[in-house]
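*Asks:* Below are the structure tokens for one structure; questions will follow.
The values are calculated or read from the model by the stated rules, or taken from the named source; none is laboratory data. These numbers were taken from a predicted model, which means no experiment stands behind them. Positions of Cβ are backbone-derived with ideal geometry, glycine not excepted, and every protein chain shown enters the neighbour counts. Calculation scope for accessible area: heavy atoms of the full protein, side chains included, ligands and nucleic acids excluded. Shrake-Rupley method; radii C 1.70, N 1.55, O 1.52, S 1.80 Å.
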Amino acid sequence: MKVLVVNAGSSSLKYQVIEMDNEIAVASGIVEQIGSENSNIVYKHDDKKYEHNEIVADHITALQKVIALLCDKENGVLKDISEIKGIGHRVLHSGEDFTDSVLVDENVLKICKKNKVFGPLHMPANIGCIEACQNILPGVPNVAVFDTSFHLTMEKDAYMYAIPYEYYEKYKIRKYGFHGTSHKYVSEAVRDWLGAENCKKIITCHLGNGSSLAAIKDGKCIDTSMGLTPLEGLVMGTRSGDIDPAVVEFIATVKKVDVQEVLRILNKESGFFGICRESDCRRVCKLIDAGDEKAKLALDMFAHSIKKYIGSYFIELGGLDTLVFTGGIGENSDYCRKLILTGLECLGVDVDFDLNANMKRGIPTVISTEKSKVKVVVLPTNEELVIARDTVKFGNLK
Ligand code: ADP
């Protein structure tokens, strides 16, 4: 049985077709820069990659193009579109309405539309793709898998902001957290791998272009670093992470710009980029190799922000069994892992730094020593697989 996974960003659409019998992706790709003159379509299957430029006006057109590629007589992986038995959609925000994934019906769509306010760039694309699939593939179940719902198990003292209470009551302003599918996937995978007794208290570090940490106790998220939006928390590729909110007004005044512009700067021109003019971690590492002090500072600040969260989650969890690294940086950058892990000895963390530097990429690996009180693990994430599994479960696919 095949499931289509759709991950729509504000101007991109990532997709995968997953064969659920063996949970392997048979095709994948991305449509980038939707709505611009530089749209780019990538389609991959069986180690072959096709890429071409073509103007793609909107997400609906992007989906139509993807389906045409999947069903192409020569290079397609589907004989017919009816091979797709369910469609899983990554949806940015659940609000407080969905504590888990959900089969889409009219009411679900209505609630998602109400929650557009939490993700004005992403939610319209997510909803647009669901509606397009309902039109293009009538009768095929669509399942919404939310980036935030894994974190809805947090207690009120963890998720409330200390601002006037009625803002929560009226507008639902609170911490939600993101990367939920990834935190869920790696926390479950590590439990299956190392055994539940070694994974009662876990911190998962999803480190990529966007980064977040989650504290997970007995399988339930009790705290996470992102907030109402993905801007809160760690220093990231282009996002500032935590700052004094008064900085917003200060920048607005000295630069003579409005609040929206300040938020754009904090989202798009800050983080690694703000410090060293480079947002991609691999390129920041190259600058460091070339002796660039600001690039070194950017990653030192990144590691510092992560250590602060690890320390506070250690207390919240009442100890720590397992620390998991995932995401593009967490899985691949031994330099960043070393920066983060150095100094955690006080928590009982003892790392084999040779193994950290030489481990094989893409394979789950324990990089702590036998005597470490905390298991430190590098584990590749697979958000698409979580979405596909939930599509089977909530779409009642047999
Ligand atoms: P996204 O958050 O967009 O899903 P990813 O999880 O794919 O992103 O992570 C992308 C980040 O991972 C980029 O900053 C990239 O430079 C970084 N990365 C990937 N491989 C390496 C590596 N070998 N060393 C350092 N950083 C890496």
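*Asks:* Within the range 186-224, take every residue that is on the phi > 0 side of the Ramachandran plot and small (Gly, Ala, Ser) and give me the one that is surrounded by the most Cβ atoms within 10 Å (Cβ to Cβ).
*Replies:* For the range 186-224, the residue satisfying everything is GLY219.
*Asks:* Could you list, in sequence order, the residues of the range 164-183 that are assigned to a helix (DSSP H, G or I) and either open to solvent by less than 40 Å² (accessible area, probe 1.4 Å) or among the hydroxyl-bearing types (Ser, Thr, Tyr) (or both)? Before you say what the answer is, go through the steps one by one.
*Replies:* Let us first name the residues in the range 164-183 that are assigned to a helix (DSSP H, G or I), namely 165-171, 180-183.
TYR165, TYR167, TYR168, TYR171, GLY180, THR181, SER182, HIS183 - these are the residues of the range 164-183 that are assigned to a helix (DSSP H, G or I) and either open to solvent by less than 40 Å² (accessible area, probe 1.4 Å) or among the hydroxyl-bearing types (Ser, Thr, Tyr) (or both).
*Asks:* Anything in the range 364-397 that is in contact (Cβ under 8 Å) with a residue 60 or more places away in the chain, more than 15 Å from the ligand (Cβ to nearest atom) and either surrounded by fewer than 19 Cβ atoms within 10 Å (Cβ to Cβ) or among the polar types (S, T, N, Q) (or both)? List them, or say none.
*Replies:* PRO364, THR391, LYS393, ASN396, LEU397
*Asks:* In the range 302-340, what residues are over 21 Å from the mean Cα position of the chain (by Cα) and within 16 Å of the ligand (Cβ to nearest atom)?
*Replies:* Listed by number, the residues that qualify are TYR335, LYS338, LEU339.
*Asks:* Within the range 340-358, can you find the residues that are open to solvent by less than 20 Å² (accessible area, probe 1.4 Å) and in a loop (DSSP other than H, G, I, E, B)?
*Replies:* Scanning the range 340-358 gives GLY348, VAL349.
*Asks:* In the set ARG361, ARG283, ARG337, which member is crowded, with 18+ Cβ neighbours inside 10 Å and among the basic types (Lys, Arg)?
*Replies:* It is ARG337.
*Asks:* Which one of these does GLN134 not meet: (1) under 18 Å from ILE387 (Cβ atoms); (2) in contact with a Phe, Trp or Tyr (Cβ under 9 Å, 6 or more places away or on another chain)?
*Replies:* With respect to (1) under 18 Å from ILE387 (Cβ atoms); (2) in contact with a Phe, Trp or Tyr (Cβ under 9 Å, 6 or more places away or on another chain), GLN134 is out only on (2).
*Asks:* Could I ask something else about it? Quick check on this structure: which one of ASP352, ASP390, ASP334 is under 30 Å from PRO141 (Cα atoms) and at pLDDT 95 or above?
*Replies:* Among ASP352, ASP390, ASP334, only ASP390 is under 30 Å from PRO141 (Cα atoms) and at pLDDT 95 or above.
*Asks:* Still on this structure, I have one more. Being of a type outside the set (Asp, Glu), part of a loop (DSSP other than H, G, I, E, B), in contact with a helix residue (DSSP H, G or I) (Cβ under 9 Å, 6 or more places away or on another chain) and at pLDDT 95 or above is the filter here, so list the residues in the range 1-33 that pass it.
*Replies:* Selection gives MET1, MET20.
*Asks:* Continuing with this model, one more query. Do we find that GLU293 is more than 18 Å from the chain's Cα centre (by Cα), more than 16 Å from the ligand (Cβ to nearest atom) and not polar (S, T, N, Q) in this structure?
*Replies:* yes
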